[in-house]
1. With runs of 4+ DSSP H residues as the only contributors, calculate the mean residue ellipticity of the chain at 222 nm using -39,500 (n - 2.57) per run, divided by the residue total and rounded to the nearest 500.
2. Return one number: the angle in degrees, 0 to 90 and rounded to the nearest 10, between the long axis of the Cα atoms of helix 34-46 and the longest principal axis of the Cα atoms of the chain.
3. Over all Cα pairs of region 44-114, how is the pair count split among 10 Å bins, expressed in % and running from 0 up to the last occupied bin?
4. Hey, got the Cα dimensions of region 135-190 along the principal axes, in Å, largest first?
5. In whole angstrom, how far apart do the alpha carbon centroids of region 128-143 and region 27-75 sit?
6. Between rounded, prolate and oblate, where does region 15-64 land on the alpha carbon gyration tensor, with a ≥ b ≥ c its root eigenvalues, rounded for a/c under 1.5, else prolate if a/b exceeds b/c?
7. What residues have an amide H closer than 5 Å to that of Gly146, excluding those fewer than 5 places away on the same chain, when H is modeled at 1.01 Å from N in the peptide plane?
8. So who's got an amide H within less than 5 Å of the one on Arg17, skipping anything under 5 residues away but keeping other chains? H placed 1.01 Å off N, in plane.
Amino acid sequence: MSDLPARIEGYAVVCDRGCIADATGAMPDALKNDAEWDFFQAALDVADVSVLGRRSYDVTPNPRGRRRLIMTRSVSAPVRKDELIVFWNPAAASLTDALALYEIPVRTLAVTGGRDVFDYFLDGPTPFTNFFLSRMHGVSLPGGVGVFSAVDSEGHSPEHVLIAHGYVAGDHQQLDTQVDVVDWVRKDSE
């Protein structure tokens with residue numbers, strides 16, 4: 001069995017209302033920005049494994065050949081598809097059991113979404129150490145999908161949700177005139 005990673009980092013880009021997708025569940029071009037993309041890609045380059053949901057996996061190519069842990073309800077035990085891809089149902093197996101299938105030390109996870117994946121690491125047994133929240137200013141996605149369930153169901157901002165779950169705002173970076181990112185740090189991992 002593998003140890004838990006030292007760092008579990010979440011990465012999301014949201015509109016003014018805290019949405020990661022439009023009303024259809026797709027990431028619109030309005031949330032795409034070269035500076036934010038470069039920031040995100042640099043983080044994925046140093047992570048040992050990226051975590052994403054099944055829908056994101058199905059629509060997101062992997063041209064750089066990164067290791068990916070795919071959260072899905074379609075398996076009852078972790079399944080290694082190949083040297084890069086493991087399918088994992090967190091309701092049926094632990095994170096350490098899933099990561100053990102990579103047969104390498106996993107020190108850093110980059111959690112890239114969607115919402116159910118972000119909710120799991122916000123509330124689950126293995127919380128984020130850091131959550132990098134990028135905000136694309138001037139973008140509105142009416143009826144969009146919030147980064148966390150509480151953004152939609154309770155109308156809270158992502159910042160409010162993070163504070164309520166024990167995170168504090170850390171470093172702030174202005175990536176360009178339209179987007180900035182804040183590193184939200186879990187209080188018990190400072």
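1. -6500 deg cm²/dmol
2. 20 degrees
3. 22, 60, 18
4. 35, 31, 11
5. 16 Å
6. Oblate shape, in that a/c is at least 1.5 and b/c is the bigger or equal ratio.
7. Ile20, Asp152
8. Result for Arg17 returns Leu141.
The values are calculated or read from the model by the stated rules, or taken from the named source; none is laboratory data. Keep in mind that this is a model prediction, so the values were computed, not measured. Remember, those area values only see protein heavy atoms, side chains included, never the ligands or the DNA or RNA. Shrake-Rupley method; radii C 1.70, N 1.55, O 1.52, S 1.80 Å.
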